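The values are calculated or read from the model by the stated rules, or taken from the named source; none is laboratory data. Only a predicted model underlies this, so the values are computations on that prediction, with no experimental measurement involved. Glycine gets a Cβ as well: all are built from the backbone with ideal geometry, and neighbour counts include every protein chain shown. We work out accessible area using only protein heavy atoms, side chains counted, and drop any ligands, DNA or RNA first. Shrake-Rupley method; radii C 1.70, N 1.55, O 1.52, S 1.80 Å.
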Amino acid sequence: KEKKPAEGRKHQNMQNDTKVSQGQWGRAWEVDWFSLASILFLLMFAPLIVYYFIMSCAQYQCSLTDPLLDLLTGNKHLSDIWNSTSTLTYRAAVIYSLWVTFQVVLYLFIPDFCHKFLPGYVGGVQEGAITPAGVVNKYEINGLQAWIITHVLWFANASCCHLFSPTIIFANWIPLLWCANILGYAVSTFAMIKGYFFPTNAKDCKFTGNFFYDYMMGIEFNPRIGKWFDFKLFFNGRPGIVAWTLINLSFAAKQQELYGQVTNSMILVNVLQGIYVLDFFWNEAWYLKTIDICHDHFGWYLGWGDCVWLPYLYTLQGLYLVYHPVQLCTAHAIGVLMLGLLGYYIFRMTNHQKDLFRRTSGNCRIWGKKPQYIECSYTSVDGTKYHSKLMTSGFWGWARHFNYTGDLMGSLAYCLACGFEHLLPYFYIIYMTILLTHRCLRDEHRCGSKYGKDWKRYTAAVPYRLLPGVF
């Protein structure tokens, strides 16, 4: 529909005024050819990659090469593979609709009570970081509570109620994939329309004029419905991450059903990934200060990614172990456990040091010493100047993103738990290496734009990104 001239001028003026004020803090204003090519590649192929991995397990025992060989040799056509794929079912649609609705109810209508009796846990109403427009949003932090309620009900059903089988997720895995895709595309499309016509905060919107980039990376910074339903926090933190541990439990239940036992590799995957998920919810208030909330706009990258990519590709190890049960020798199992726990320790302690430093404005002790830091400043859209500090000691003196190093160690542990017979379980460490390296570069580009010459002083003081002495 063609815009009225007055509306078009108003919309363009809003973009120009915001662009001048906001500079390059946040995602890009203009799209270079490489970024556009990358966006188009992901939009076209990311859904196919997810389908290919899930299909290869369902039809080819998790082999990534056999489907290609069948197609190249003419043994099968694409239509044969597609016709053998489970379709969307009414049962899956009901399951998925009830699941998302249940998580919305837990998110919106049950205020957090965990912070009242769990020492050290920060829940309830919390403030997020300052947006580029100078807005400070408030959030109801109740993810841990939602996770606990969901899992208590899951185990209650498995042990005594028996309303559904614990293998229900595995049994409907591909039909649920279509449901997740529908939600992912629906919420991404709605977010783009909302950004154009009724944004929550127009000054925190960014328009490049390129449809594909804006759809992928998002227009609105913090799209909301009402006072509390925040798209980024809900879709980043629910329903995909709450489902992560349920999916693994369903895979373990299927392994028990098929083979009469749950292997130590499946237990390791459930335990190590469960620790990661619980850590996320225990530190949900801290998550408000991370790149996902502080810098990313809400588009297909987050909307579809959280609905489809996260629950389907982050759980590949458990899915693989259903088809290929692996019983590790004691030394291998202990090695995987130690690597996973060490990675988690580095990940958590690095983030803890940063959080402690921020909360105390540097008036604390890191490794028994007063932390060193660099004073810096930045300006919001309204021209207000803010001051900040970047720590250069502790783990943050070793590398600028040493928390990612710990994350990668944990990711490798998940993969090593699956043995060495197939490539599929190792997709996760390959993907996480690319993702976190890219996030390093994105974060540093944004910080360079935000802090200017102060960022150059910081990188001179801490020269390495991930691996001290290497990168």
Exercise. Do we find a residue being part of a helix (DSSP H, G or I) and more than 12 Å from Gly410 (Cβ to Cβ) anywhere in region 364-379?
Worked result: no
Seminar exercise, completed: Screening Gly274, Gly318, Gly343, Gly335 for residues that are among the small types (Gly, Ala, Ser), modelled with pLDDT of 95 or more and closer than 29 Å to Gln372 by Cα leaves only Gly343
For this session: Starting from region 227-253, keep only residues that are within 17 Å of Asp306 (Cβ to Cβ) and assigned by the TED database to the domain that holds Lys138, then list their pairs with residues that are surrounded by fewer than 22 Cβ atoms within 10 Å (Cβ to Cβ) and small (Gly, Ala, Ser) whose Cβ atoms are within a distance under 9 Å, requiring at least 6 positions of separation or different chains.
Result: Asp230/Gly128; Leu233/Gly128; Phe235/Gly305; Gly240/Gly305; Trp244/Gly274; Thr245/Gly274
For this session: Return the total of residues in region 191-246 being open to solvent by less than 10 Å² (accessible area, probe 1.4 Å), farther than 27 Å from Val31 by Cα and assigned to a loop (DSSP other than H, G, I, E, B).
Result: 2
For this session: Considering every residue within region 390-400, establish whether at least one is among the basic types (Lys, Arg) and surrounded by fewer than 16 Cβ atoms within 10 Å (Cβ to Cβ).
Result: no
Exercise. Does Phe102 fit the bill of being modelled with pLDDT under 95, closer than 30 Å to Glu140 by Cα, open to solvent by 60 Å² or more (accessible area, probe 1.4 Å) and among the hydrophobic types (A, V, I, L, M, F, W, C)?
Worked result: no
For this session: Starting from residues that are free of Cβ contacts under 8 Å to residues at least 24 places away in the same chain and more than 20 Å from Val94 (Cβ to Cβ), keep the ones in region 153-188 and report whichever is nearest to the chain's Cα centre (by Cα).
Result: Phe155
Exercise. Quick one: which helices (runs of 4 or more DSSP H) sit completely within region 275-360 and have at least 3 residues that are more than 30 Å from Leu40 (Cα to Cα)?
Worked result: 284-287, 316-323, 330-359
Exercise. Quick one: is Ile182 open to solvent by 30 Å² or more (accessible area, probe 1.4 Å), β-branched (Val, Ile, Thr), at pLDDT below 95 and farther than 24 Å from Val262 by Cα?
Worked result: no
For this session: Kindly provide the set of residues from region 64-100 that are over 24 Å from Ala180 (Cα atoms) and assigned to a loop (DSSP other than H, G, I, E, B), ordered by number.
Result: Thr65, Gly74, Asn75, Lys76, His77
Problem set entry | Long-range neighbours under 6 Å by Cβ, at least six apart or interchain, first residue under 14 Å from Ala171 (Cα atoms) within region 81-106, second of a type in the set (Phe, Trp, Tyr) and surrounded by 15 or more Cβ atoms within 10 Å (Cβ to Cβ) | Leu88/Trp178
For this session: Answer with yes or no whether Gly120 is under 20 Å from the mean Cα position of the chain (by Cα) and among the small types (Gly, Ala, Ser).
Result: no
Exercise. Could you say which residue among Leu310, Leu356 is under 22 Å from Met432 (Cβ atoms) and open to solvent by 10 Å² or more (accessible area, probe 1.4 Å)?
Worked result: Leu310
Problem set entry | Residue count for region 325-351, restricted to those that are open to solvent by 40 Å² or more (accessible area, probe 1.4 Å), touching a Gly at 6+ places or on another chain (Cβ under 9 Å) and not aromatic (Phe, Trp, Tyr) | 5
